[in-house]
Amino acid sequence: QVQLVESGGGLVQPGGSLRLSCAASGIFFELYTMNWYRQAPGKQRESVAAITGGGGINYADSVKGRFTISRDNAKRMVYLQMNSLEPGDTAVYYCNTNDRSGYYWGQGTQVTVSS
């Protein structure tokens, strides 16, 4: 059974930083591309960042230069370091992966950027 558990969200002032973590189980972790998505109120869920098993990385244009995705295959963890946070980054952030059996999502962690 695939399980993804996010942590690390919270309330932060504009310009601040947060680090999200996602613990994965039930998959051969090092073979899976891991993704971070977010969904703001009234908006569609959008891709934020992705990292392949070999370390290839992609970012949404809106977060390039501010967010950093990383993974620790030994710990089966994926991280999202978020710097220079803006009110527009406010959303529920989800960890995601997929295989031929389907898409897998965590429960989400709320990030609120507000003064």
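For this structure, a couple of remarks:
- The condition (being open to solvent by 30 Å² or more (accessible area, probe 1.4 Å), within 19 Å of GLY10 (Cβ to Cβ) and not in a strand (DSSP E or B)) is satisfied by just one residue among GLY65, GLY54, GLY88, GLY42: GLY88.
- Residues that are modelled with pLDDT under 95 and not in a loop (DSSP other than H, G, I, E, B) were ranked within region 17-39; the one that is surrounded by the most Cβ atoms within 10 Å (Cβ to Cβ) is PHE29.
- Remark: pairs (first residue in region 48-70, hydroxyl-bearing (Ser, Thr, Tyr); second residue not in a loop (DSSP other than H, G, I, E, B); Cβ separation under 6 Å; 6+ apart in sequence or on different chains) = TYR59/ALA49; THR68/GLN81; SER70/TYR79.
- So GLY9, is it touching a residue at least 60 places away in the same chain (Cβ under 8 Å), open to solvent by less than 60 Å² (accessible area, probe 1.4 Å), farther than 17 Å from TYR93 by Cβ and among the small types (Gly, Ala, Ser): no
The values are calculated or read from the model by the stated rules, or taken from the named source; none is laboratory data. Because the structure is a prediction, the values reported are computed rather than measured. Every residue, glycine as well, gets a Cβ built from its backbone with ideal geometry; the counts of neighbours run over all protein chains shown. All accessible areas refer to the heavy atoms of the entire protein, side chains included, with ligands and DNA or RNA removed. Shrake-Rupley method; radii C 1.70, N 1.55, O 1.52, S 1.80 Å.
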